[in-house]
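S.K.: To start, I am sharing the structure in question, which I have written as structure tokens.
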Amino acid sequence: MGFQIVGVVNTKEVRGTKLVPVKEYQVLSLPSETYFEFRRDPSQSGYTDPKPAAQQLSDRIEAVLALANVVDVVWSQNTTPAGKLVDWMTTYYATPTGTISGSVESDLAHFGPTYTGKQVAAEVAAGGDDLGS
């Protein structure tokens, strides 16, 4: 598993009532080529060396994609009512029979094989199919 950093932008992010300078890293998770972004301010690890954070996030994406019934993962952003930017992951699933399909969502902080796997399993079970059947 790996990643490719395809871009970096110096920008600002709303934190409370302040604009904080951040670096926004644009990354492809490999081998799936799933695009995602993450931001770091100067006080956070990964501000000057984004590779460990990019690898950790890429590993989580690839692990979710390897789960039974998961067919795709899509990164997006949303804003809170206070204007804070939130990274969001949508995971699409479908059973082998095709009788059950849909998606689950979580913020990037919770996204991963354990949390997202439980979400997908619950959705599939509610539809009357077994995960991995």
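S.K.: Can you tell me which residue is nearest to VAL14 (Cα to Cα) among those in segment 65-83 that are surrounded by fewer than 15 Cβ atoms within 10 Å (Cβ to Cβ) and of a type outside the set (Val, Ile, Thr)?
M.R.: GLY83
Every residue, every condition in (1) over 12 Å from the mean Cα position of the chain (by Cα); (2) surrounded by 13 or more Cβ atoms within 10 Å (Cβ to Cβ); (3) at pLDDT below 95, yes or no:
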site: PHE3; (1), (2), (3): yes, yes, no
site: GLY7; (1), (2), (3): yes, no, no
site: GLY16; (1), (2), (3): yes, no, yes
site: VAL20; (1), (2), (3): yes, yes, yes
site: PRO31; (1), (2), (3): yes, no, no
site: SER45; (1), (2), (3): yes, no, yes
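S.K.: Between residues in segment 1-29 that are among the charged types (D, E, K, R) and residues that are surrounded by 11 or more Cβ atoms within 10 Å (Cβ to Cβ) and not in a strand (DSSP E or B), which pairs lie under 9 Å by C-beta distance while being six or more apart or on different chains?
M.R.: GLU13/ASP41; GLU13/LYS84; ARG15/ASP41; ARG15/LYS84; LYS23/ASP41; LYS23/GLY46; LYS23/TYR47; LYS23/PRO50
S.K.: For VAL104, are the conditions met, namely being free of Cβ contacts under 8 Å to residues at least 40 places away in the same chain and open to solvent by less than 50 Å² (accessible area, probe 1.4 Å)?
M.R.: Criteria met by VAL104.
S.K.: Under 6 Å by Cβ, and 6 or more places apart or on different chains, what pairs join a residue from segment 108-129 that is buried (at least 19 other Cβ atoms within 10 Å of the Cβ) with one that is part of a helix (DSSP H, G or I)?
M.R.: THR116/VAL64
S.K.: Within segment 76-84, identify whether any single residue is at pLDDT 95 or above and at negative phi, and answer yes or no.
M.R.: Scanning segment 76-84 turns up at least one residue that is at pLDDT 95 or above and at negative phi.
S.K.: Which of the numbered conditions does ASP41 fail, given that it passes all the others? Conditions: (1) buried (at least 17 other Cβ atoms within 10 Å of the Cβ); (2) in contact with a Pro (Cβ under 9 Å, 6 or more places away or on another chain); (3) in contact (Cβ under 8 Å) with a residue 24 or more places away in the chain.
M.R.: Only one criterion in (1) buried (at least 17 other Cβ atoms within 10 Å of the Cβ); (2) in contact with a Pro (Cβ under 9 Å, 6 or more places away or on another chain); (3) in contact (Cβ under 8 Å) with a residue 24 or more places away in the chain is unmet by ASP41, namely (1).
S.K.: Could I ask something else about it? Quick check on GLU62: is it loosely packed, with under 14 Cβ neighbours inside 10 Å, closer than 21 Å to GLU105 by Cα and either among the polar types (S, T, N, Q) or modelled with pLDDT of 95 or more (or both)?
M.R.: In short, no.
S.K.: Check segment 84-93 and report whether any residue there is surrounded by 16 or more Cβ atoms within 10 Å (Cβ to Cβ), closer than 17 Å to ILE5 by Cβ and in contact with a Leu (Cβ under 7 Å, 6 or more places away or on another chain).
M.R.: Yes, the conditions are met somewhere in segment 84-93.
S.K.: A further question follows. May I ask you to verify whether LEU65 is under 14 Å from the mean Cα position of the chain (by Cα), touching a residue at least 60 places away in the same chain (Cβ under 8 Å) and under 27 Å from VAL6 (Cβ atoms)?
M.R.: no
The values are calculated or read from the model by the stated rules, or taken from the named source; none is laboratory data. Keep in mind it's a predicted model, so treat the numbers as computed, not measured. Backbone-built Cβ (ideal geometry, glycine too); neighbour counts: all protein chains shown. We work out accessible area using only protein heavy atoms, side chains counted, and drop any ligands, DNA or RNA first. Shrake-Rupley method; radii C 1.70, N 1.55, O 1.52, S 1.80 Å.
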